[in-house]
Amino acid sequence: MLEGGALVAWGNNGEGQLGDGTSAGPERCGSPPTEEACATTPVLAGGLTNTDVKGIAAGDWHSLAFGPPNPTVTALSPKEGLPTGGTVVSITGNELNGATAVKFGSANASAFHVESNTAITAIAPQGSGVVDVTVTTPEGTSPTSTADRFSYMNPAVAAPKVSGLSPREGPAPGGTTVTISGNNLTGATAVQFGANRAAHFSVNPEGTSITAISPAGTGTVDVTVTTSGGTSTTTAADRFTYRALAPTVSGVKPNEGPAHGGIYVAITGSNFAHASAVMFGEAMSTNFTDVSEGMIVAEVPEGKSVQFGTHQTVPVTVTTPGGTSATSSADEFTYNGSL
């Protein structure tokens with residue numbers, strides 16, 4: 001072994017004992033029939049020139065040259081982190097002094113510090129999947145093993161939150177464009193208005209707002225958003241109120257009758273559900289039935305201040321939870337004092 005770590009050998013080379021990559025030699029040694037290739041002068045061992053060989057072990061037929069051991073990684077703590085990087089990882093191993101690089105897969109650690117010959121602290125870079133953590137020193141790079149594997153884990157998806165609605169009410173048939181404000185709305189798979197699902201909605205890129213079209217509904221309901229992180233918890237901030245539409249009267253048949261009332265008329269129109277009152281001017285019908293949302297049959301009450309031989313025309317109005325119908329010429333009923 002020469003100064004600087006170069007290794008030379010001499011002697012028989014019939015089986016490549018000289019380590020120069022051949023089984024030939026500049027001379028022949030021995031006598032036939034056992035004559036074989038050899039070198040009586042030192043031959044440079046192939047592949048070891050200028051290496052830092054620290055010692056040799058010689059045998060009858062072969063020799064072993066050895067140098068400083070490569071670094072090894074035997075454990076990581078923790079063994080997983082976020083894809084965004086930044087996880088502080090303790091690397092345990094051997095021959096770690098003089099480390100010139102720490103890699104997580106093919107990416108260099110964001111930073112590292114050699115604590116001792118058996119410990120390094122490193123900051124994980126950005127990454128994905130499962131990677132081997134390796135340490136490089138002047139002697140080489142640690143071999144990979146199951147002990148050096150680091151997993152980039154997807155962060156838990158936070159549950160969505162609804163913090164506000166605009167507007168907070170709309171008509172019962174639906175169709176209102178509602179802006180839903182909140183957090184963690186990205187990837188929304190469903191928007192519910194109570195038990196009814198919004199057929200159309202879109203999420204802004206920041207995941208802080210959803211524009212949805214309200215489905216049909218009644219009363220006050222909670223608007224909830226569902227993502228892979230779960231469904232938003234209901235609060236007072238997510239409540240949407242359905243407004244019943246005001247009724248309209250489009251016709252009264254017959255549209256005239258005696259001043260004392262007592263006849264029945266068919267009132268046609270829309271949004272008559274849950275009618276609570278039918279008025280003939282200032283007189284209330286005490287007997288009416290909402291046959292459908294578009295028809296009410298009502299008994300005409302006695303006309304007020306109708307003199308014999310005169311006529312009085314009054315509006316017929318219907319009241320529901322949506323309000324009272326507006327008057328028009330279509331809803332007029334005439335009391336005939338001559339009948």
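From the list S250, S305, the lone residue that is assigned to a strand (DSSP E or B) and in contact with a strand residue (DSSP E or B) (Cβ under 8 Å, 6 or more places away or on another chain) is S250. Tell me yes or no: at least one residue of segment 23-42 is of a type outside the set (S, T, N, Q), out of contact with any Pro (no Cβ under 7 Å at 6 or more places or on another chain), outside any loop (DSSP other than H, G, I, E, B) and at pLDDT below 75. Among the residues of segment 23-42, not one is of a type outside the set (S, T, N, Q), out of contact with any Pro (no Cβ under 7 Å at 6 or more places or on another chain), outside any loop (DSSP other than H, G, I, E, B) and at pLDDT below 75, which makes the answer no. Would you confirm whether or not segment 99-108 contains a residue that is in contact with an Asp or Glu (Cβ under 7 Å, 6 or more places away or on another chain), of a type in the set (A, V, I, L, M, F, W, C) and surrounded by 20 or more Cβ atoms within 10 Å (Cβ to Cβ)? Checking segment 99-108: not a single residue is in contact with an Asp or Glu (Cβ under 7 Å, 6 or more places away or on another chain), of a type in the set (A, V, I, L, M, F, W, C) and surrounded by 20 or more Cβ atoms within 10 Å (Cβ to Cβ). Contact annotation: residue pairs with Cβ atoms under 9 Å, 6 or more positions apart or on different chains, pairing a residue in segment 182-207 that is of a type in the set (K, R) with a partner that is modelled with pLDDT of 95 or more, are R197/A190; R197/V191; R197/P215. Out of L18, L76, one residue alone is touching a strand residue (DSSP E or B) at 6+ places or on another chain (Cβ under 9 Å) and modelled with pLDDT under 80. It is L18.
To keep it simple, each residue is scored yes or no on (1) among the aliphatic types (A, V, I, L, M); (2) out of contact with any Ser or Thr (no Cβ under 8 Å at 6 or more places or on another chain); (3) at pLDDT below 95.
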{"site": "G251", "(1), (2), (3)": "no, no, no"}
{"site": "P254", "(1), (2), (3)": "no, yes, no"}
{"site": "H260", "(1), (2), (3)": "no, yes, yes"}
{"site": "Y264", "(1), (2), (3)": "no, yes, no"}
{"site": "N271", "(1), (2), (3)": "no, no, yes"}
{"site": "H274", "(1), (2), (3)": "no, no, yes"}
{"site": "M284", "(1), (2), (3)": "yes, yes, no"}
{"site": "N287", "(1), (2), (3)": "no, yes, no"}
{"site": "D290", "(1), (2), (3)": "no, yes, yes"}
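Taking the residues in segment 153-167 that are part of a strand (DSSP E or B) and out of contact with any Asp or Glu (no Cβ under 7 Å at 6 or more places or on another chain) as candidates, determine which candidate is surrounded by the fewest Cβ atoms within 10 Å (Cβ to Cβ). That would be S166. Of S292, S250, all but one fail to be of a type in the set (S, T, N, Q), without any contact (Cβ under 8 Å) to a residue 40 or more places away in the chain and within 17 Å of G322 (Cα to Cα); the exception is S292.
Taking the residues in segment 298-311 that are surrounded by fewer than 17 Cβ atoms within 10 Å (Cβ to Cβ) and not hydrophobic (A, V, I, L, M, F, W, C) as candidates, determine which candidate is nearest to T218 (Cα to Cα). Reasoning before the result, please.
The first filter runs over segment 298-311 and keeps only residues surrounded by fewer than 17 Cβ atoms within 10 Å (Cβ to Cβ), leaving 299, 302, 304-305, 307-311.
Adding the requirement that they be not hydrophobic (A, V, I, L, M, F, W, C) leaves 299, 302, 304-305, 307, 309-311.
Details: E299: 30, E302: 36, K304: 38, S305: 41, Q307: 46, G309: 48, T310: 46, H311: 42 Å.
Among those residues, the one meeting the criterion is E299.
The values are calculated or read from the model by the stated rules, or taken from the named source; none is laboratory data. Not measured: the values here are computed from a predicted model. Backbone-built Cβ (ideal geometry, glycine too); neighbour counts: all protein chains shown.
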